[in-house]
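> My questions will all concern the structure given below.
The values are calculated or read from the model by the stated rules, or taken from the named source; none is laboratory data. In this text the structure is predicted, and so the values were computed from the model without any measurement. Glycine gets a Cβ as well: all are built from the backbone with ideal geometry, and neighbour counts include every protein chain shown. Side chains included, ligands, DNA and RNA excluded: accessible areas come from the protein's heavy atoms. Shrake-Rupley method; radii C 1.70, N 1.55, O 1.52, S 1.80 Å.
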Amino acid sequence: MEDVEVAPPGPLEIRVKVVSTSICRSDVTQWQSTAQPDLFPRIFGHEASGVVESVGEGVTEFQVGDHALTVFIGECMSCKHCVSGKSNMCQTLGLERKGVMHSDQTTRFSIGGKPVYHYCAVSSFSEYAVVHSGCAVKVSPTMPMDRICLLSCGASAGLGAAWNVADVSKGSSVVIFGLGTVGLSVAQGAKLRGASKIIGVDTNPDKQEKGKAFGVTDFINPAELNEPVQQVVKWLTDGGADYSFECVGDTGVVSTALQSCSDGWGLTVTLGVPKAKPEVSAHYGLLLSGRTLKGSLFGGWRPKSDIPLLVEKYANKEIQVDGLVTHDMPFSDINKALELMLQNRCLRCVIHMPKRQD
């Protein structure tokens, strides 16, 4: 734990007192990544909820005291992608990779005058964080902040991959590689769309029972097989699944997922963030035979336009989020929470920030 200075919000920015932040696999992946240059010192964390503490010049949407979710991509409402209605890849507030703020390419964190870098322009592993107002979504103060924080990344990403990116159809077959928070949310989305067979693939046997609660009908543990996973999937689905989802963050699994879906119309969606070997390799024949490979960022959701609808679904008990939380821990135990993630002993650890008055 270190004390950092958090600057006031700049124009169109808000400073948020973080209430709850959950540890996402991509926080750990980026921390350990060999696929991208090191960028340290850095504050990770992006899946969070909080209360607006102050607002910068030009901010009209938020007021001090508002409850908000932080989001790792924004929606400016005016760029080519935002007005198209076809994409959530905002050209102004898209995924930030340089460890700085979108607006002026500098940081809002510092120690002794030296910059501390951001992660995804959020950095919620801090009691206070400055985010662009376009990367935050106002929510009702009646919502439980220690649960809806999952809708700022993992749960939404999985549901959106099933609904928006794949558009899973009723009666279809689905195979999901990796039953973490994202994979289980894909399963839930597929179940709600009426998929008839939902196959979960994971090397952790404990995920079999957990998967059932989210709609998984069949479970495959690759460590227990004497043949390739794709052969088992083809046997279970009469030639290949209609949809396959790669939620592991391993580019080698992308090829397996492609081989697991059907000739002619099989669609593979990749959601995982790899920490090594970012290049995807697959035999051209898999695509020539009619399969499709698509990528998914945040499940295709546009933060401002769409996330309030997901929060409403949660409030109406139409989607399950609480079951994804396996641990609740104080901020002082964040290193223990990171160890649980590294050891694959948790789905989501929700970190609760101190409730002290400043």
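> Among the residues of the stretch 305-358, which ones are assigned by the TED database to the domain that holds SER133, hydroxyl-bearing (Ser, Thr, Tyr) and within 30 Å of PRO205 (Cα to Cα)?
THR326
> When you scan the stretch 270-357 for helices (runs of 4 or more DSSP H) that lie fully inside it, which ones turn up with 3 or more residues that are closer than 30 Å to HIS132 by Cβ?
It comes to 303-315, 334-342.
> Still on this structure, please answer the following. Could you count how many residues in the stretch 288-299 are closer than 19 Å to ALA48 by Cα and either modelled with pLDDT under 95 or open to solvent by less than 30 Å² (accessible area, probe 1.4 Å) (or both)?
Count: 2.
> From the residues in the stretch 103-117 that are within 14 Å of GLY10 (Cβ to Cβ) and of a type outside the set (Ser, Thr, Tyr), which one is least open to solvent (accessible area, probe 1.4 Å)?
Looking at the filtered set, the residue picked out is PHE109.
> Let me ask something additional. Considering each of PRO11, PRO37 in turn, give the residue that is open to solvent by 10 Å² or more (accessible area, probe 1.4 Å) and under 30 Å from VAL311 (Cβ atoms).
Answer to the selection: PRO11.
> Going residue by residue through the stretch 90-98, is there one that turns out to be free of Cβ contacts under 8 Å to residues at least 24 places away in the same chain, part of a loop (DSSP other than H, G, I, E, B) and open to solvent by less than 70 Å² (accessible area, probe 1.4 Å)?
yes
> Cβ-Cβ distance below 6 Å, separation of 6 or more or different chains: which pairs start in the stretch 48-66 with a residue that is open to solvent by less than 20 Å² (accessible area, probe 1.4 Å) and end on one that is aromatic (Phe, Trp, Tyr)?
Listed pairs, sorted by first residue: VAL52/PHE62.
> Somewhere in the stretch 276-287, is a residue touching a residue at least 60 places away in the same chain (Cβ under 8 Å), hydroxyl-bearing (Ser, Thr, Tyr) and not assigned by the TED database to the domain that holds TRP31?
The answer is no, given that none of the residues of the stretch 276-287 is touching a residue at least 60 places away in the same chain (Cβ under 8 Å), hydroxyl-bearing (Ser, Thr, Tyr) and not assigned by the TED database to the domain that holds TRP31.
> Would the stretch 195-209 turn up any residue that is open to solvent by less than 30 Å² (accessible area, probe 1.4 Å) and of a type in the set (S, T, N, Q)?
No, every residue in the stretch 195-209 fails to be open to solvent by less than 30 Å² (accessible area, probe 1.4 Å) and of a type in the set (S, T, N, Q).
> Another question, if that's okay. Taking the stretch 143-178 on its own, how many of its residues are free of Cβ contacts under 8 Å to residues at least 40 places away in the same chain and either under 14 Å from GLU312 (Cα atoms) or buried (at least 24 other Cβ atoms within 10 Å of the Cβ) (or both)?
1
> Could you list all residues from the stretch 54-73 that are among the charged types (D, E, K, R) and either closer than 22 Å to LEU309 by Cβ or in contact with an Asp or Glu (Cβ under 6 Å, 6 or more places away or on another chain) (or both)?
Residues satisfying the conditions are GLU61, ASP66.
> Within the stretch 240-248, is even one residue β-branched (Val, Ile, Thr), surrounded by 19 or more Cβ atoms within 10 Å (Cβ to Cβ), in a strand (DSSP E or B) and assigned by the TED database to the domain that holds ALA187?
Checking the stretch 240-248: not a single residue is β-branched (Val, Ile, Thr), surrounded by 19 or more Cβ atoms within 10 Å (Cβ to Cβ), in a strand (DSSP E or B) and assigned by the TED database to the domain that holds ALA187.
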